[in-house]
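The values are calculated or read from the model by the stated rules, or taken from the named source; none is laboratory data. In this text the structure is predicted, and so the values were computed from the model without any measurement. Cβ sites come from the backbone with ideal geometry, for glycine too, and all protein chains shown count toward neighbours.
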Amino acid sequence: MRAQVGIIGAGPAGLFLAHLLHRVGIESVILEARSRAEVEGTVRAGVLEHWVTDLMDELGLGTRMRREAHQHDGITLQWNGERHHVDIAGLTSGRHVTVYPQHEVLIDLIEARLKQGGAIVFGASAVSITGADGDTPRIEFRRGPDGALEPLHCDYVVAADGFHGPGRRAIPEAMRCEYQKLYPFGWLGILARAPLSWHELIYANQNAGFALCSTRSADVQRMYIQCDPVDDIANWSDDRIWGELCSRLACDGWTLKEGPIFQKGIIPLRSFVCETMQFGRLFLAGDAAHIVPPTGAKGLNLAVADVVVLARALEARFKSNRQDLLDGYASRALRRVWKAERFSWYMTTMLHRNDQESAFEHRIHLADLDLVRTNRSAAAALAENYVGLPFED
Ligand code: APR
Ligand code: PHB
């Protein structure tokens, strides 16, 4: 097999990249370890920045999203049992976010890519990347656990294979420049069949810890509570989860609408950046290069931002024989990455309870929240980051 660009991973980064490249006549092959059903059935984030939905329209991928998804013009922050509306649209000249689950985005992108005749090989695990430091890179992969090793020869390799994929590790460790912050808490997330409880997302900081009330559709709700990152989900009965959600989101005159929980799990929170996003002809994009804690809803959006920059650079290389944009990919992408890392850290530290912090730091976070309530510039800074910063280039 041969491709101009070999992509590992059919997540948001890999699939958006394949579409962006196809638009400018560059062909790619995506190798995806999981089955199509698994990729399309894995529940992850759900908030799209304004420009991502515009990009979906531009690429002809937005029809179902525009029909089914909900636009949110604001978010609610809650602390001391009181709610404060952040008017995202009013603070950003009418921009908004769209709540459309990541797996629905992937369903739309996969269907459109296959209709274009694009190659996505499901059940194909990349095992190694060789020759990235020369002119003839190659991905070795296996179809299924017992398949023989097969090569995918390409001009460029893009590892869009998530945090645990082999892409980042193909860069020699001594050359990788990495930064990490682990938080002493995780999120317990649920999906429940219940009606909507509030017209926008609620981010709550309460004595017992953070809670987030999000949504998936009129009758499926997504909610999270801060918990011990190594806690066992078996310790959390449905009654205990609803009890915590009700007390953390409690507000005078309002009741949380409950219903059967049909999925629950615990994830740890971390911030991570591998600044070495290029090694010869190998490029990292999305979670392969960076992780944000989910509080700012930036993970998916940042993955798409990377491949917008990368697609332009690959276009310049293939169409105009220009290498400079490829060589500048990491530094251009990282400017946005670090701003998203900063925002996600700010939202996380401001909204969670952290036993490892002092009472002084706790009061600083409450002051940060009160600043957003009382100061238009502080609220605008939050809104501009939440809705998605403009692209520099
Ligand atoms: N070979 C082939 N595919 C692989 C391999 C491998 N060795 N390892 C991982 N993959 C696939 C995974 O199965 C997954 O489908 O790569 C894909 C990576 O997708 P994501 O983890 O979604 O990463 P990315 O596209 O960067 O998107 C980041 O997705 O996971 C969320 O919260 C995250 O919102 C963020 C966004
Ligand atoms: C979600 O709905 O999954 C979600 C929403 C907002 C966040 C994180 C996750 O900040």
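Test LEU21 against the stated conditions and say whether it is within 10 Å of ligand 1 (Cβ to nearest atom) and either β-branched (Val, Ile, Thr) or outside any loop (DSSP other than H, G, I, E, B) (or both).
Considered against the rule, which asks whether it is within 10 Å of ligand 1 (Cβ to nearest atom) and either β-branched (Val, Ile, Thr) or outside any loop (DSSP other than H, G, I, E, B) (or both), LEU21 comes out as no.
Residue pairs, Cβ under 7 Å, 6 or more apart or interchain, first in region 352-367 and surrounded by 13 or more Cβ atoms within 10 Å (Cβ to Cβ), second of a type in the set (Gly, Ala, Ser). List them.
Short answer, once both residue conditions are applied: HIS352/GLY209; ARG353/GLY209.
Across region 1-45, what is the total count of residues that are buried (at least 24 other Cβ atoms within 10 Å of the Cβ) and either charged (D, E, K, R) or within 16 Å of ligand 2 (Cβ to nearest atom) (or both)?
3
Check SER197, SER237, SER217 and return the single one that is hydroxyl-bearing (Ser, Thr, Tyr), closer than 24 Å to HIS85 by Cβ and out of contact with any Lys or Arg (no Cβ under 9 Å at 6 or more places or on another chain).
Sole residue among the options that is hydroxyl-bearing (Ser, Thr, Tyr), closer than 24 Å to HIS85 by Cβ and out of contact with any Lys or Arg (no Cβ under 9 Å at 6 or more places or on another chain): SER217.
Can you run down the residue pairs with Cβ atoms below 6 Å, 6 or more apart or on separate chains, where the first is in region 335-350 and farther than 12 Å from LEU382 by Cα and the partner is among the small types (Gly, Ala, Ser) and within 16 Å of ligand 1 (Cβ to nearest atom)?
Listed by first residue and then by second, the contacts come to ARG336/ALA305; GLU341/SER271; TRP345/SER271.
Kindly indicate the residue of region 243-275 that is touching a strand residue (DSSP E or B) at 6+ places or on another chain (Cβ under 8 Å) and assigned to a helix (DSSP H, G or I) and also surrounded by the fewest Cβ atoms within 10 Å (Cβ to Cβ) among those meeting that condition.
Per the stated criteria, the residue is SER247.
Output the residues belonging to region 207-216 that are more than 16 Å from ligand 1 (Cβ to nearest atom) and either modelled with pLDDT of 95 or more or touching a strand residue (DSSP E or B) at 6+ places or on another chain (Cβ under 7 Å) (or both).
GLY209, PHE210, ALA211, CYS213, THR215 - these are the residues of region 207-216 that are more than 16 Å from ligand 1 (Cβ to nearest atom) and either modelled with pLDDT of 95 or more or touching a strand residue (DSSP E or B) at 6+ places or on another chain (Cβ under 7 Å) (or both).
Go through region 29-47 and give me each residue that's within 29 Å of PRO137 (Cβ to Cβ), part of a strand (DSSP E or B) and near ligand 1 (Cβ under 10 Å from one of its atoms).
Correct list: ILE30, LEU31, GLU32.
If a residue must be more than 12 Å from ALA18 (Cα to Cα) and under 21 Å from the mean Cα position of the chain (by Cα), how many such residues does region 107-119 contain?
3
Does ARG66 qualify as being modelled with pLDDT of 95 or more and surrounded by fewer than 16 Cβ atoms within 10 Å (Cβ to Cβ)?
Yes.
Taking region 46-63 on its own, how many of its residues are more than 16 Å from ligand 2 (Cβ to nearest atom) and free of Cβ contacts under 8 Å to residues at least 60 places away in the same chain?
9
Since TRP187 meets every condition but one in (1) within 16 Å of ligand 2 (Cβ to nearest atom); (2) out of contact with any strand residue (DSSP E or B) (no Cβ under 6 Å at 6 or more places or on another chain), which condition does it not meet?
If we test TRP187 against (1) within 16 Å of ligand 2 (Cβ to nearest atom); (2) out of contact with any strand residue (DSSP E or B) (no Cβ under 6 Å at 6 or more places or on another chain), just (2) comes out false.
For region 277-320, what are the residues that are of a type outside the set (A, V, I, L, M), part of a loop (DSSP other than H, G, I, E, B) and buried (at least 24 other Cβ atoms within 10 Å of the Cβ)?
Correct list: PRO293, LYS298.
Is it the case, given these coordinates, that ALA333 is outside any loop (DSSP other than H, G, I, E, B) and out of contact with any Lys or Arg (no Cβ under 8 Å at 6 or more places or on another chain)?
Answer is yes for this residue.
So which residues in region 21-51 are out of contact with any strand residue (DSSP E or B) (no Cβ under 7 Å at 6 or more places or on another chain) and hydroxyl-bearing (Ser, Thr, Tyr), if there are any at all?
Scanning region 21-51 gives a single hit, THR42.
Among the residues of region 217-228, write down those that are farther than 21 Å from GLN102 by Cβ and within 16 Å of ligand 1 (Cβ to nearest atom).
Answer for region 217-228, where residues must be farther than 21 Å from GLN102 by Cβ and within 16 Å of ligand 1 (Cβ to nearest atom): there is none.
Quick check, is GLY81 under 27 Å from ALA380 (Cβ atoms), exposed (fewer than 15 other Cβ atoms within 10 Å of the Cβ) and modelled with pLDDT under 95?
yes
If we keep just the residues of region 270-290 that are under 13 Å from the mean Cα position of the chain (by Cα) and among the aliphatic types (A, V, I, L, M), which is farthest from ligand 1 (Cβ to nearest atom)?
Of everything passing the filter in region 270-290, ALA289 is farthest from ligand 1 (Cβ to nearest atom).
Could you list all residues from region 5-32 that are touching a Gly at 6+ places or on another chain (Cβ under 8 Å) and β-branched (Val, Ile, Thr)?
ILE7, ILE8, VAL29, ILE30
Restricting the first residue to region 166-195 and requiring it to be closer than 30 Å to ASP133 by Cβ and modelled with pLDDT of 95 or more, which pairs with a second residue that is among the β-branched types (Val, Ile, Thr) and within 16 Å of ligand 2 (Cβ to nearest atom) meet a Cβ separation below 9 Å and a spacing of at least six or different chains?
Filtered contacts from region 166-195: GLN180/ILE291.
Within region 150-203, count every residue that is in contact with a His (Cβ under 7 Å, 6 or more places away or on another chain) and either within 18 Å of ARG138 (Cβ to Cβ) or in a loop (DSSP other than H, G, I, E, B) (or both).
Selection size over region 150-203: 2.
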